Amino acid sequence: MGLLSIIRKQKLKEHELRVLVLGLDGGGKTSVVTKILHEDTSQIAPTMGFNISTIHHSNFTLNVWDIGGQSTIRAFWDNYFMNCDCLVWCIDANSLERLQESFSEFRKLMDEERLVGSGLLILVNKIDLVPTNEIETTVQLIRKTLKIDEITNHNVGILPVSAITGKNIDRILDWIVSEASERLYIL
Ligand SMILES: Nc1nc2c(ncn2[C@@H]2O[C@H](COP(=O)(O)OP(=O)(O)OP(=O)(O)O)[C@@H](O)[C@H]2O)c(=O)[nH]1
Ligand SMILES: [Mg+2]
C-alpha cells in the first residue's frame with residue numbers, strides 16, 4: 001500500500017474528507033457550494049482566491065475547497081491537490097462554447113499524480129438553462145468531450161445540477177460520501 005493510500009485510509013477512518021471544487025470561472029462552483037449550505041445564491045461574486053466550507057454529512061466531515069477559476073488563478077490550483085479525496089469539476093451547461101477550454105484544463109488534472117485515486121464528480125451545472133429535451137444530449141456531449149469513458153484513475157460520476165433551482169444538489173454530498181466509503185471498503 002502506498003503512502004497516499006495509507007493517508008487516505010487514515011482520514012476515512014476519521015471520517016474526514018477533503019473535497020476540491022474546480023472548473024472554469026463563472027461555471028457556478030461557489031453558487032453550488034452555497035446552495036449545498038442552504039444559503040442565498042443571489043449575490044455571489046467571482047472568487048479571487050478560495051473559500052473553504054466545513055460540511056457534516058452522513059457521519060463524515062467534508063472540508064470543501066472552492067477555488068477561483070479565472071485563468072490567472074488556475075496557476076495556483078496545484079497548491080490544493082495534496083490529499084484530495086474527491087475532485088468536483090464544474091461545467092457551465094449554458095456555455096458549451098467554452099467546453100474545449102474546460103477540457104484542456106481538465107486534462108491537466110487527469111495527468112496529475114497527486115489526484116490519482118480520488119473520486120471525480122463532474123457537475124453539469126446551470127441545467128435550468130438547458131431545455132428539458134436537450135439535457136440528455138448535453139450530458140452526452142460533455143461525456144464525449146471530456147473523454148470520460150477513457151478515465152481509469154478515478155471513480156467517475158456525472159450529475160446535471162442547478163445551483164439556482166437546487167436540482168440534484170442534495171445528490172452531490174451523497175455521491176462524494178458513498179464513493180469514498182466504497183473506496184475505504186476495498187482498500
Ligand atoms: N441560471 C443559473 N445560473 C447560475 C447557476 N450557477 C451559477 N449561476 C450564475 O453564474 C454566475 C457565476 O457563478 P459563480 O458561482 O460565481 O461561479 P464560479 O465558478 O464560482 O466562478 P469563479 O469564482 O470566478 O471561478 C453567477 O452569476 C451565478 O448566479 C445555475 O445553476 N443556474
Ligand atoms: Mg467562485
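The values are calculated or read from the model by the stated rules, or taken from the named source; none is laboratory data. Quick caveat, the model's predicted, so the values are computed rather than measured. Glycine gets a Cβ as well: all are built from the backbone with ideal geometry, and neighbour counts include every protein chain shown. Calculation scope for accessible area: heavy atoms of the full protein, side chains included, ligands and nucleic acids excluded. Shrake-Rupley method; radii C 1.70, N 1.55, O 1.52, S 1.80 Å.
Highest mean first, how do 15-26, 102-113, 50-61 rank when packing is the count of other Cβ atoms within 10 Å averaged over residues?
Output ranking for 15-26, 102-113, 50-61: 15-26, 102-113, 50-61.
If the only charges are +1 at each Lys and Arg Cβ and -1 at each Asp and Glu Cβ, what is the size of the charge dipole of segment 3-184 around the Cα centre, to the nearest 20 debye?
Here the size comes out at about 320 debye.
Report the one residue of C90, N153, S31 whose Cα lies farthest in the direction of the positive end of the charge dipole of segment 3-184 (charges on C-beta: Lys and Arg +1, Asp and Glu -1; origin at the Cα centre).
N153
Using just the helices of the chain, give the 222 nm mean residue ellipticity in deg cm²/dmol: DSSP H runs with n ≥ 4 each add -39,500 (n - 2.57), and the total is spread over all residues, rounded to 500.
-10500 deg cm²/dmol
Counting only protein heavy atoms and a 1.4 Å probe, tell me what percentage of segment 3-184's accessible area is made up of carbon and sulfur.
50 percent
So what does log10 I(q)/I(0) come out to for the chain at q = 0.08, 0.13, 0.14 Å⁻¹, using the Debye formula with one equal point on every Cα and no solvent?
Taking Cα atoms of the chain as identical point scatterers yields -0.23, -0.63, -0.74.
Give the residue from I164, M48, V177 lying farthest towards the positive end of the charge dipole for segment 3-184; charges sit on Cβ (+1 for Lys and Arg, -1 for Asp and Glu) and the dipole is referred to the Cα centre.
V177
Taking the solvent-accessible surface of protein heavy atoms with a 1.4 Å probe, what is the per residue accessible area of the chain in Å²?
With all protein chains present, the chain gives 51 Å² per residue.
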